[in-house]
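Here's the structure we're looking at; comments come further down.
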Amino acid sequence: MSSQKIISLLPAATEIVYTLGCGKNLVGRSHECDFPAEVKQLPVCSDANIPDNLSSADIDTKVKELLYDALSIYTVNRERIKELAPDVVITQAQCEVCAVSLKEVEEALENYLDKQANIVSLQPGSLDDIFSNILEVAAALNVIENGEKLIEDLTERVDIIRHKLKFIDAKPTVACIEWLEPIMVSGNWVPELVNIAGGASILAEAGKHSPFVQWEDIQQQDPDIIIVMPCGFSIERAMKEIDILLQLPGFAELKAVKNNRLYIADGNQYFNRPGPRIVDSIEILAEIIHPKQFIFGYEGGGWIRFSV
């Protein structure tokens with residue numbers, strides 16, 4: 001078992017560390033790490049430079065301003081990290097908006113720590129990448145067997161879904177809304193998850209970054225199912241801004257809305273967190289897309305049906 005001191009600056013990485021059985025070795029976390037609940041007791045090693053409680057539109061504007069000015073969206077607390085003296089620091093190079101980046105960590109720690117820390121940077125774009133990242137963390141923490149067993153368990157759960165859908169030809173079209181204002185649809189691994197769960201994702205390509213789209217594009221596609229899963233938003237947080245969609249011209253005329261197939265999912269805990277619970281996300285999608293085939297028990301916690 002690893003005895004290394006670990007700092008995770010990425011919620012998904014924190015979950016990976018815990019699931020690999022190394023939670024006791026975590027000495028610090030990011031401001032966004034919140035699962036499992038006990039992680040909240042750890043020292044926080046980063047801060048967001050965006051005020052809380054901004055609207056979707058204001059968050060988007062603020063993020064773009066910071067990126068335009070080459071200012072960081074996050075601040076790394078160098079003093080705290082130095083005090084904690086980690087052996088391993090886990091971060092990401094996936095998205096400047098999602099979590100503290102590799103560049104920020106390298107700049108913060110360069111010639112600063114009293115000992116050399118191993119910086120592990122995750123950059124997933126697909127389900128396979130997420131599984132590879134889990135093995136990468138397992139290798140860095142010297143718990144490779146735990147990593148292999150975890151991947152085996154996760155793969156088995158995915159295979160159960162694939163097998164159950166083998167003889168079902170119907171693939172409803174699904175719009176996964178990752179941001180409300182401006183509208184962004186979920187890219188990266190989400191189209192692949194939708195496909196595994198028996199749907200066909202619209203307006204985004206698997207393995208490519210989430211694109212901003214025009215409302216007219218969604219109207220034109222007229223999807224069978226709409227799932228609202230804003231990045232970093234709980235169901236309750238998304239509900240506060242659902243009117244942004246409801247007030248769009250022609251929203252009530254969409255097939256998904258008329259057929260009562262509009263859903264809100266927890267984008268913070270599940271879909272936008274590329275760790276072990278990415279398979280929970282597939283199970284959530286399977287429940288939503290093919291309710292006659294799957295009941296995993298996430299309704300009410302991981303997703304809700306929203307009636308207009």
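A few notes on this one:
- Contacts under 9 angstrom Cβ, first residue in region 26-44 being in contact (Cβ under 8 Å) with a residue 60 or more places away in the chain, partner open to solvent by 30 Å² or more (accessible area, probe 1.4 Å), 6 or more apart: Ser30/Val44; Glu32/Ala48; Glu32/Cys98; Glu32/Gly232; Glu32/Asn268; Phe35/Tyr18; Phe35/Gln269
- Whether a residue is β-branched (Val, Ile, Thr), within 18 Å of the chain's Cα centre (by Cα), at pLDDT 95 or above and in a strand (DSSP E or B) was assessed, and Ile134 does not pass this test.
- Among the criteria (1) over 23 Å from Asp153 (Cα atoms); (2) in contact with a Lys or Arg (Cβ under 8 Å, 6 or more places away or on another chain), the one Ile264 does not fulfil is (2).
- Criterion applied to Leu66, Leu84, Leu71, Leu109 was being surrounded by 15 or more Cβ atoms within 10 Å (Cβ to Cβ), over 21 Å from the mean Cα position of the chain (by Cα) and at pLDDT below 65, and the one residue passing it is Leu66.
- Where helices (runs of 4 or more DSSP H) fall entirely within region 147-247, none has at least 1 residues that are within 20 Å of Glu287 (Cα to Cα), aromatic (Phe, Trp, Tyr) and open to solvent by less than 40 Å² (accessible area, probe 1.4 Å).
- Residue in region 33-63 that is surrounded by the fewest Cβ atoms within 10 Å (Cβ to Cβ), counting only those that are modelled with pLDDT of 90 or more and under 18 Å from the mean Cα position of the chain (by Cα): Ala37
- Taken as a whole, the structure leaves Asn146 outside the set of residues that are of a type outside the set (Ser, Thr, Tyr) and touching a His at 6+ places or on another chain (Cβ under 7 Å).
- Per-region count, region 1-31, residues touching a Phe, Trp or Tyr at 6+ places or on another chain (Cβ under 9 Å) and in a loop (DSSP other than H, G, I, E, B): 3
- Whichever residue in region 1-32 is open to solvent by 50 Å² or more (accessible area, probe 1.4 Å) and of a type in the set (D, E, K, R) and, among such residues, is nearest to Val76 (Cα to Cα): Glu32
- Condition check for Glu156: acidic (Asp, Glu) and within 18 Å of Tyr18 (Cβ to Cβ): no
- Between Ile282, Ile278, Ile289, Ile304, the distinction of being of a type in the set (Val, Ile, Thr) and open to solvent by 20 Å² or more (accessible area, probe 1.4 Å) belongs to Ile304 only.
The values are calculated or read from the model by the stated rules, or taken from the named source; none is laboratory data. Worth saying up front: this structure is predicted, and the values here are computed from it rather than measured. Because the Cβ atoms are built from the backbone with ideal geometry, glycine has one as well, and the counts that use them run over all protein chains shown. Only protein heavy atoms, including side chains, enter the accessible area calculation; ligands, DNA and RNA are left aside. Shrake-Rupley method; radii C 1.70, N 1.55, O 1.52, S 1.80 Å.
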